[in-house]
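Chemist: Take this structure, written in structure tokens, and hold onto it; I'll ask about it next.
Here, each number is a calculation from the coordinates, and none is a lab measurement. Being a predicted model, the structure only gives us computed values, none of them experimental. Neighbour counts are summed over all protein chains in view; Cβ atoms, including those assigned to glycine, are modelled from backbone coordinates with ideal geometry.
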Amino acid sequence: MATHHQVAGEFSDHDLQWCRGNVDTALFKTKVQQLQIFMLQYGAEVEIRPRPFGDFVLVHLSLAGTADIESDGRRVHLRPGAAAILAPRRNLHMRWQQGARQFILKVPQALLSGGGFSCQPVQQLSDMQGLQWQFLMQSLLHVTNLPSDNAAHSVWVDHLERNVALFLSSRPGTPAAPETLADTACGSDLQRLDKLESYMRSRLCAPIALEDLARAAGISVRSLTMLCQRRHAQSPMVLLRNMRLDAVNARLTAQPGAAVTDIAFEYGFGHLGRFSQYYAKRFGELPRHTSHTGAQMFVLPETDKSSRISAI
């Protein structure tokens, strides 16, 4: 009853049916600015029928176990590491297996309304999108641990939250993706940059030429170069390189002891010497040092089982 009450208060009222297995509930929460992050587990196998919610969207990332999610005639199966967007219009039915643990991001519709967000009632992210989503979530978790007593922190958090909304609004493979990104009649410089950055983030592991970036922004190579220099004081390819370095850093932080060479090659760094120089300049340490000291992704505080339901 306590679990039901607290989960309903954070999300929406729901019917909860306990099935096989031992009850071992845990609910953790942290807030960024507009975004809220949760980790939820029931221990036992459960069936959940929430009331549809209209003022927010949920993104579920399965940390352990599997979950079957059905909404308005669409169904997805979430295995560990997979992610799905939930925006039910009429009904939602979930069945979590024993030991399932879900990392959940709660995104207000107000944050998405400016990005032309549209989504099926439930939509699973591709493997590549799921990996990119993990990087974004790692960044969100990291920023919650940074000192927040300066103006720069607020600006950075706002930028990060807008990137999350942009990712959801312009997922690769949705109707809003390639056609809109290549539209030469796109609006302001900020809109062009948002689309450019979304295009870059969706292809961090793919070969990209400067001409590809110009097409994504809907302007000429020369105009794109001038725009990036004006807004970021760096060229488009340097901007892409820094995004890839950030992705490498997130992976090494999330997976201590991971093979630096493999991850560098995965993100397009073919020359390891230059990669190490770029990395050290951006993060103040060599990549191998990050790999040795990185913290495990999504590590949550241990609490006594009797009090975990109050961990909010």
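Chemist: Report the one residue of LEU240, PRO287, SER223 whose Cα lies farthest in the direction of the positive end of the charge dipole of segment 203-291 (charges on C-beta: Lys and Arg +1, Asp and Glu -1; origin at the Cα centre).
Modeler: Farthest along the dipole direction, towards plus: SER223.
Chemist: Continuing with the same structure: How big is the charge dipole of segment 182-245 about its Cα centre, in debye rounded to the nearest 20, if each Lys and Arg gets +1 on its Cβ and each Asp and Glu gets -1 on its Cβ?
Modeler: 160 debye
Chemist: Please compute the modelled spin-label separation between ASP212 and THR66, points set 7 Å along Cα→Cβ, answer in nm with one decimal.
Modeler: Using points 7 Å along Cα→Cβ, the separation is 3.3 nm.
Chemist: Show me 7-20, 64-77 ranked by packing, highest mean number of other Cβ atoms within 10 Å first.
Modeler: Sorting 7-20, 64-77 by mean packing, highest first, produces 64-77, 7-20.
Chemist: Moving to a separate point now. Contour minus end-to-end for LEU286 and HIS93, with contour as 0.36 nm per residue of separation and end-to-end as the Cα-Cα distance?
Modeler: Value of the extension gain: 64.8 nm.
Chemist: Same structure again: May I ask you to order 188-196, 131-139 by the average number of other C-beta atoms within 10 Å around their residues, highest value first?
Modeler: 131-139, 188-196
Chemist: For a protection proxy built on the mean count of beta-carbon atoms within 10 angstrom, sort 92-102, 256-266 highest first, please.
Modeler: Put in order of decreasing packing, that is 92-102, 256-266.
Chemist: All other residues with a Cβ under 12 Å from the Cβ of ARG274 taken together, and with Lys, Arg as +1 and Asp, Glu as -1, what is their net charge?
Modeler: +2
Chemist: Distances longer than 18 Å among the Cα atoms of segment 29-146: what percent of all pairs is that?
Modeler: Roughly 51 percent, rounded to a whole number.
Chemist: Turning to a different aspect of this structure: Mind pulling the per residue volume of the convex hull built on the Cα atoms of segment 2-51? Å³ is fine.
Modeler: Spread over its residues, the Cα hull of segment 2-51 gives 73 Å³ apiece.
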